[in-house]
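First comes the structure, then the notes that go with it.
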Amino acid sequence: MKLSTDAVLLGAWTADLLQNENPLRILDIGTGTGILALIAAQFFERACVDAIDADDGAVFDAGINFSESPYADRLRLMKADVRNFCRKTGAGNNGLREGQSFAGKNIVPEKVTDHDSVGIYDLIICNPPYFDFSVPLSSISRHNARCSDSLSAADLFASLSRLMTECGRACIIIPYDRESDYVRTALDNGLTVHRCVRVSSKKEKSPYVTLLCFVKKSQSDADASPCNESSAGDAENRYLLEDDGSRSEFFRNITKELYLK
């Protein structure tokens, strides 16, 4: 399975950040190959992890990877668009709805009814599409994976706010130059920043991505330590690689259970 550095970074950072919180219900939005869901299942050993993606190819790939993982009984894969997604309370074998399979065959769209539960996830993770300009790409799948018109920031945060528990967390990774836009949109949807880490490739480089953990505004000020636009100085700065190409202490510490060396 090809691994995205951004996905590994987000998954490992989230696991490290929440290692003492033990979320029991986790959602991976836009799962792709399923790497974030697999990392969540590895680190949070009591959690049931739902993974959704609107793309048939992604669901097929994730299904194969889930079926071959040691966490298959705690992974639930659905073809669904988060904008109208609500998790069913029932689950079939291996956490799948009837008619679904990890091999990616017979995956049925998630149907929404007035009786579906919302606000039930303790943790939501997402590596969202964030290019907000039109790029001619060779396939719809590549377009949806790369371009934010397939999932806008407004749609993402409205979904996060709807699906999180009152004490839940939502962790995402975005380009550094989109940080202010995403934080502002989060605030508009009732979320505030709990942790903010700006990451560069090397120590002397400028940040290229930002890791963000959001909580609902209803949580106490003591629980949330925002690095919103009014207090951007609270953000942490980290880098991934030393000059010799080896992983930095930060990156090595959070990924030591993921890499073989």
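The values are calculated or read from the model by the stated rules, or taken from the named source; none is laboratory data. Not measured: the values here are computed from a predicted model. Cβ coordinates were reconstructed from backbone atoms using ideal geometry, including for glycine residues, and neighbour counts include every protein chain displayed. Only protein heavy atoms, including side chains, enter the accessible area calculation; ligands, DNA and RNA are left aside. Shrake-Rupley method; radii C 1.70, N 1.55, O 1.52, S 1.80 Å.
Is it true that some residue in the range 220-242 is more than 17 Å from D16 (Cα to Cα) and at pLDDT 95 or above? Yes, because at least one residue in the range 220-242 is more than 17 Å from D16 (Cα to Cα) and at pLDDT 95 or above.
Do we have G11 as of a type outside the set (S, T, N, Q) and in a helix (DSSP H, G or I) here?
Working: of a type outside the set (S, T, N, Q): yes; in a helix (DSSP H, G or I): yes.
Answer is yes for this residue.
When only residues in the range 115-166 that are in a helix (DSSP H, G or I) and open to solvent by 60 Å² or more (accessible area, probe 1.4 Å) count, which is modelled with the highest pLDDT? Ranking the candidates gives R162 first.
Conditions tested, residue by residue: (1) surrounded by 21 or more Cβ atoms within 10 Å (Cβ to Cβ); (2) of a type in the set (A, V, I, L, M, F, W, C); (3) assigned to a loop (DSSP other than H, G, I, E, B).
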| site | (1), (2), (3) |
| --- | --- |
| E21 | no, no, yes |
| G32 | yes, no, yes |
| A37 | yes, yes, no |
| A40 | yes, yes, no |
| R46 | no, no, yes |
| V49 | yes, yes, no |
| I52 | yes, yes, no |
| A58 | yes, yes, no |
| A62 | yes, yes, no |
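With respect to the stated conditions, I26 is farther than 24 Å from Y239 by Cα, modelled with pLDDT of 95 or more and either touching a strand residue (DSSP E or B) at 6+ places or on another chain (Cβ under 7 Å) or assigned to a helix (DSSP H, G or I) (or both). Close contacts from the range 2-25, counting a first residue that is of a type in the set (F, W, Y) and a second that is not in a helix (DSSP H, G or I), with Cβ to Cβ under 8 Å and a gap of 6+ residues or different chains, come to W13/C171; W13/V197; W13/L211.
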